[in-house]
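The values are calculated or read from the model by the stated rules, or taken from the named source; none is laboratory data. Remember, predicted model here, so these are calculated numbers, not experimental data. SASA here: full protein model, heavy atoms, side chains in, ligands and nucleic acids out. Shrake-Rupley method; radii C 1.70, N 1.55, O 1.52, S 1.80 Å.
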Amino acid sequence: MKVPRLLRPIFKGFAVLVIFGVLGIAVVLGALWLEHRGEVTLPTPTGPFAVGRAVYDWGDDGAVDTLAVPGTKREVLVWIWYPAAPGQSAAIDQYLPVALRAEVERSRGALISKFLTRDLSKVQAHSTRNSDVSSQQQSYPVVIMRAGASGEVWNYSTLAEDLASHGYVVVGFDAPYRTNIVVFPDGRVMRRLPENNPELCLAMTGEEQVHCVNRLLTAWTADIVFVLDRLERLNTSDESGRFTRRLDMSRVGVFGHSFGGATSAQFCHEDSRCKAGIDVDGAPHGSVIQAGINRPFLFLLSDHSRESDPESHQILSNIQSIYDRLPTEGRLRIVIRGANHFLFSDDGALLKSQIVLGTLRMLGILGIDGRRQLAVTMYCVHSFFDAHLKGQSVSRLKISSPLYPEIAVLD
C-alpha cells in the first residue's frame, strides 16, 4: 500500500527514532558489557596491618541443623580475615574460589551476569591466602560478621578486610540451606531452601510472621554460638598453628547487616561473650526489643528520611526501645545521609554502570556514591569497636568527623 504524501515525513521521523533507539540500546549494552569485563578493585583497607584470609569447613556431628534437610548435621563454611605478617611472598588471593564463582555466575542467569553485574573473576580484593598472623600483638580481638538476609559473607569482604587491617580477627560464615549458595572445599554445593528466606517471613503478617522470623532468628543466633565455641577450640589448638593463642576471646564483637544486624542485636542480648555489637540497617526482631542490651551497641542506619509508612515507624520504634535501654556511655545511633540499604556490602563498590548509577540518583534511590557509603561505614565500624573492644575510649565515643560529613548522630 502506498503511503500518502502528507504522512511520509511522519513515517520517516518514526523510522529515524527507531534506528536511534536501537543504536542507543546497542551503545548501552556495549558499555555494560565492557564494564562487566573490566578490572575492579575493592576499596583499600584503611588500617596499618596487611590482611590474610583463611577458610575452614566446620561440622558438628552431635547437632542436627533444624533449618536444613531433615537429618542434616550442623555445618558451616567459615571465612576468617586477620592481621597478616608483613613482607610475605604470598600472592593476593582470588576474590572468590573458582568453584564458588562458577556457581554464583550460574545462579545469576545470563542477562544479569553479562550486563548488570561485574565479572567476579575481574574483582580484586586485598587478602593473602593462609599467610601467618602478624606478630605485632600476641593476640587480637575477634569480631563475628553476619551477612544480610540470605546473602553470602564473602560479599562483605570490604568491611572484613578493613576491620582486619585495624587489628581484628574477623570471622564470617555461610550456613547451608539458609545462605543463597554454599560451596564446600570438597565440591558440595548447597542452596537456600525457600522457607529459610527472611524476606518471605517479613512479607507475612501477624503471628505467622512472628513465628517464621523467630524460627530463623533462633537458628542464626545458634550458628554464632557454635562458631564462637569452635573459635575457642581453634585458639587452644589450631592444626595449622596459625591461630593458636592468637585470638583474644575475652574481647568479642558482633556485627551484621540487615537480618544479620537483627541477629547481632539478639545475640548480644542473649550471650555475655558479646562485648560490643553493631546492627547495620537491620530491623530488630525477637526478645531484644523489650529486654534490651546491657553492653555497648551501635545502630548504623541508611537514610530513611523519605519513609513514612507504618512499618517503617514500627521499626524505628523498636530501635528506640532497644536504644533507650543501652548503657548511656556505650550507645550510638547514626544515620549516613544519602546511604542506601543495599550498598553496605561489596555491591557498594561493584555496582555499575554510570548509566545505572545516574538513573538511581535521579530517582532518589541513591544519595551518595556506593564507595563513599562504604568508606563512611568502614570508619564508623572500626571506630566503634576500637572504643569498646580496645578500650580506646572511656566516655561516649565522639564519632562525628569533618572527613565524613554524611554522619548524623541521633540522640
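Quick notes
- Residue ranking by accessible heavy-atom surface, 1.4 Å probe, largest first, among I144, I92 comes out as I92, I144.
- By the Cα gyration tensor, segment 133-213 has an equivalent ellipsoid whose semi-axes, rounded to whole angstrom, run 32, 17, 9 from largest to smallest.
- On the principal axes of its alpha carbon atoms, segment 58-102 extends 47, 26, 13 Å, with the longest extent given first.
- Taken over segment 182-286, the convex hull of the Cα atoms encloses 113 Å³ per residue.
- Exposure check, 1.4 Å probe, all protein chains in place: S308 carries approximately 90 Å² of accessible surface.
- Residue order for E105, E270 - accessible surface, 1.4 angstrom probe, largest first: E270, E105
- Taking only alpha carbon atoms, the chain gives an Rg to Rh ratio of 1.03, where Rh is the Kirkwood radius.
- Expressed as a whole percent, the accessible area of segment 194-296 that falls on carbon and sulfur atoms is 50 (1.4 Å probe).
- Over the chain, relative contact order from alpha-carbon pairs under 8 Å, at least 6 apart, %: 15 percent
- Accessible surface ranking for H166, H269, 1.4 angstrom probe, highest first: H269, H166.
- For K73, solvent-accessible area (1.4 Å; no DNA, RNA or ligand), Å²: 90 Å²
- With eigenvalues of the C-alpha gyration tensor scaled by 5 and rooted, segment 132-179, Å: 24, 10, 8
- Within the chain, the selection of entire DSSP H helices by a Cα span of 20 Å or greater along the long axis and an average Kyte-Doolittle value of at least 0.5 returns 8-37.
- With the helix formula -39500 (n - 2.57) applied to DSSP H stretches of n ≥ 4, the chain reaches a computed 222 nm mean residue ellipticity of -11500 deg cm²/dmol.
- Translational diffusion of segment 364-411 was estimated from the Stokes-Einstein equation, with Rh taken as the Kirkwood radius over Cα pairs; at 25 °C and 0.890 mPa s the coefficient is 205 µm²/s.
- Taking all protein chains into account, the per residue accessible area for segment 118-218 stands at 36 Å² (1.4 Å probe).
- Only lysine pairs 8 or more places apart or on separate chains count here, and in the chain those with Cα atoms under 25 Å apart total 7.
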